[in-house]
Amino acid sequence: MNRRSFLSLAVTGALALGAAACGGSGPAAQAGPVKITVWSWKPASAGLAAVAKDFEKDHPNIKVAVQDIGEPAIWDKITIGMAAGGKGLADVMHIGVDYLPGYVDKFPGGLADLRKFGADKHKDAFAKGLWPTVTGKDGGVYAMPWEVNPAGFFYRSDIFDKAGVDPASIKTWDDAIEAGKKIKEKTGAYLIGLKASAVDMDFFQALLQQQGAFYFDGQGNVTLNAAPAVQAMSLIKKMNDAGIVADTSGEGTWKQLVSAGKLAVVPWPAWAVSYLQENRPDEKGKWRVMQPPAVTQGGKRAAIVNATYLSVSGTSPHPQEAYTFVEYALTRPEAINKAFKEGGVFPALTAAYADPMFKAPSDFYGGQPALKTFVDSLTEGADATYYSGDYARALKIASDAQMKVLLKGADPATALTEAAQQLVQQTGRKLAG
């Protein structure tokens, strides 16, 4: 089960305990040797553990214990700890962009405001669009960016070649649809895969984010029925109606389709660079990657589709030491690049991209410098995404709308209007505009 599936199921669960506020910022930092704990999940935890060894050499009075909690188990563990007033939480926690706003909104004091440690001096050090996502309504800084995942368009060059499709000719998603029709006709391969009967909103969200939009605007108003959402869902319906979307709902279906050469494109973000290489070694030389097509002619191709952070618990007995580790791990190019090499977490720190590995050719990607695609995307810049504390509700409601479109042929505008009204009723928010 992926993180967003778990999140949608948890909407009426532990996060509903948000009325229980967490404690304050905790006791002041103590002198002498201290031990701080860090919660993460594999493989990112391996990257942090490697950095922790170097940190301890430079800071002999601080010992760091990195714990692999697992994912999605970590979200339940953090949420329960927050609802218990911060009891049992780690000093440092690895938190996703989809959970951070909920923790900040529902558990005041649960996460330390890192401004008191000087974190805001680093606000321009990270990829554009990230700093607003760590900033609360009160101006507090409740996390530091670690991982950034720009949108990507991974494609099988052998399938494109067999179909006679030049990927460079694909500038918009409408171009991709026409290419998908040709690919299906010539090779029998689908353009992309989506789980028609499950929560699978990453692609829809990426189409929104390319347009600088999401389920909510910066003021927290509902935008699920706005023009960008209708445009995104209409593209998905157009693909589905053209017969170029494979239903990957069944267990193992995606792997079977890719192995059989029946899936031409994987619209995944930066983490997939290492994932595909490590999990599909037999396809070495067949894959390529480029920025995704624009939603509209001349539109932006870049989008940050998700990110993760490191936060300090508001009840940590050693908040200063915890922040010292966070700052060390996330603001030093050599440290964050070590975490990337060991844990596959694409760094949010822009200074990290000066490392030659971000321009190095990859044999798996046919000699293409795959990482450079994403560095170029971040250079173009992306808009901040406002997830809000009601993201879980929005995700489930939007997923239901997508299922109506994919399985019942519903009109996108109608389905999204109903979804937006439902979201307003459930959250008490206003419709944008």
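No value in this document is a laboratory result; all are computed from the given coordinates. Note that the structure is a prediction, hence the values are computed from the model and not measured. In this analysis, Cβ positions are derived from the backbone assuming ideal geometry, glycine residues included, and neighbour counts consider all displayed protein chains.
Taking 0.36 nm per intervening residue step and subtracting the Cα-Cα distance, what contour gain separates residue 76 from residue 137 on full extension?
Working: separation 61, 0.36 × 61 = 21.96 nm, distance 2.43 nm.
Extending this stretch completely gives an extra 19.5 nm.
Where does each of 397, 159 land when they are ranked from fewest to most other beta-carbon atoms within 10 angstrom? Intermediate results must be reported in sequence, preceding the final value.
Details: 397 24, 159 21.
So the ranking, lowest neighbour count to highest, is 159, 397.
Taking every pair of distinct Cα atoms and averaging 1/r, then inverting, what Kirkwood hydrodynamic radius in Å comes out for region 350-413? It would help to have the intermediate numbers written out before the result.
Working: mean 1/r = 0.0643 Å⁻¹.
It is 15.5 Å.
Would you order 371, 330, 257 from fewest to most other beta-carbon atoms within 10 Å of each residue's own beta-carbon?
Numbers: 371 22, 330 26, 257 18.
Ranked by crowding around the Cβ, least crowded first: 257, 371, 330.
Which of these values of Cα extents along the principal axes in Å was calculated from the structure shown: (1) 62, 55, 39; (2) 84, 59, 35; (3) 70, 51, 37?
(3)
What are the radius of gyration and Dmax of region 107-223, computed over its Cα atoms and given in Å?
Both quantities, over Cα of region 107-223: 20.3, 61 Å.
Assuming 0.36 nm per residue, please report the length gained on full extension of the stretch residue 275 to residue 53 beyond their Cα-Cα distance.
Computed gain between residue 275 and residue 53 is 77.4 nm.
Just how large is the dipole of the chain about the Cα centre, in debye to the nearest 20, putting +1 at every Lys and Arg Cβ and -1 at every Asp and Glu Cβ? Working shown, then result.
Values: 45 positive and 43 negative charges, 61 e Å.
Result for the chain is approximately 300 debye, rounded to the nearest 20.
If the cut-off is a Cα-Cα distance under 26 Å, which lysines reach residue 181, setting aside same-chain residues fewer than 8 apart in sequence?
162, 171, 195, 237, 238, 255, 262, 284, 286, 300, 404, 408
Fewest to most neighbouring Cβ within 10 Å: what's the order for 146, 39? If you can, show how the numbers build up before the last one.
On the way: 146 30, 39 27.
Starting with the residue having the fewest Cβ neighbours, the order is 39, 146.
Whole-Hz ³J(HN,Hα) for each residue in region 416-425, computed from phi via Karplus 6.51 cos²θ - 1.76 cosθ + 1.60 with θ = phi - 60°, x for glycine and proline: what do you get?
For region 416-425, the Karplus curve yields 6, 5, 5, 5, 5, 5, 5, 5, 4, 5 Hz.
How large is ³J(HN,Hα) for each residue in region 214-230, as worked out from phi by the Karplus curve 6.51 cos²θ - 1.76 cosθ + 1.60 (θ = phi - 60°), to whole Hz, x for Gly and Pro?
Along region 214-230, the couplings run 7, 6, 10, 8, x, 8, x, 7, 6, 10, 5, 9, 6, 3, x, 5, 5 Hz.
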